[in-house]
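A short worksheet on the structure shown next.
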Amino acid sequence: MDKTVFTQDEFLLKAGISREALTEWIKWKLVRPAGFTEEQVPLFSDETLARTAHIQKLVEFGYGLDEIQKILKKVGLPQKKAGKKTAVAKGRFLTVGDLAERSGVSPRTIKHWEDKGIIEPDMRTEGGFRLYSGDYVHLCQLIRDLQLFGYALEEIKGASSHFRGLMTVRAEMDALSKADVEAKLEAMLNDFQALFEKMKLLKEGIARWDSLLKKEKKDILSLKAKNRKRAGTPQGQPDA
């Protein structure tokens, strides 16, 4: 993933158009943001930048916005040559701070996971801000769970890479070959089965400890009650 997007100010600078022109083009549905941050900051993709350049040429040729709208509906704009798609999925994107707050993980931990290759941003703005799709909230919670379960970072990295791969397949299946998708999904199934087996052992262990702790807690409470009733307990000695 890790695609480049632009904030509105970055986009205006790259496209060489005014804020007023962009507002009008959006109003006429000639262009649209690829998505928004949690703070409602619009984000624009490379594809929108290319689209804007073509629209700008039509404007320079003297076409009105209503005429351009008709052209886009009937003819469309020149398309890129066939190849791997790099379109940015539309939706809301999270900054590191947003992701940390919603997943219950500190920004420092998220940075550590990035350094270890466990997670990576969906995209970056030209200014360097890292952005994540909403799916990363759940993924960060899952990573935290695996740490609590005692998984090593390399094991967590492997599991995370499969989940990120699954996110990519869901979003970009049409851009991948049938054989590539099949290979990716088969590898995921094999590794997920290994996780299922390990989780089964973990659940059995948790059940044993849950039963043991409940029993021992009752015994401890019983012994504590008996100890309080014992004769000859020195005055002023704590009974807790």
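What follows draws every value from the coordinates through simple rules; no lab data is involved. Quick caveat, the model's predicted, so the values are computed rather than measured. Note that we place each Cβ from the backbone using ideal geometry, even for glycine, and neighbour counts take in every protein chain shown.
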- Task: Might you report the magnitude of the Cβ-based charge dipole of the chain about its Cα centre, with Lys and Arg at +1 and Asp and Glu at -1, to the nearest 20 debye?
- Result: 1040
- Which Cα, out of Ala231, Ala175, Phe149, lies furthest along the positive dipole direction of segment 123-237 (beta carbon charges, K/R +1, D/E -1)? Ala231
- Message: Need one number: the % of Cα-Cα pairs in the chain sitting beyond the 26 Å mark.
- Response: 58
- Query: Cα-Cα over 18 Å: which of Lys116/Lys157; Lys27/Lys70; Lys111/Lys198; Lys14/Lys111?
  - Reply: Lys111/Lys198; Lys14/Lys111
- Item | Per residue, the convex hull volume that the Cα atoms of segment 95-183 enclose (Å³) | 104
- Simple spin-label estimate for Ala194 and Glu101 in nanometres, 7 Å along Cα-Cβ: 3.8
- Note on the structure: the chain: antiparallel bridges as % of DSSP beta bridges, rounded to 5, reads 60
- Task: Bin width 10 Å, alpha-carbon pairs only: give the P(r) of segment 3-74 as whole percents, running from 0 to the bin holding the largest distance.
- Result: 19, 56, 22, 3
- Go ahead and run the numbers for FRET between Glu154 and Glu204, Cβ-Cβ distance against an R0 of 22 Å, rounding to 0.05. 0.35
- Query: Is it possible to state the helix-based mean residue ellipticity at 222 nm for the chain, with each DSSP H run of 4+ residues giving -39500 (n - 2.57), the sum divided by total residues, to the nearest 500 deg cm²/dmol? What is it?
  - Reply: -20000 deg cm²/dmol
- Between Lys57 and Arg124, the FRET efficiency computed from the C-beta separation at R0 = 30 Å comes out, to the nearest 0.05, as 0.55
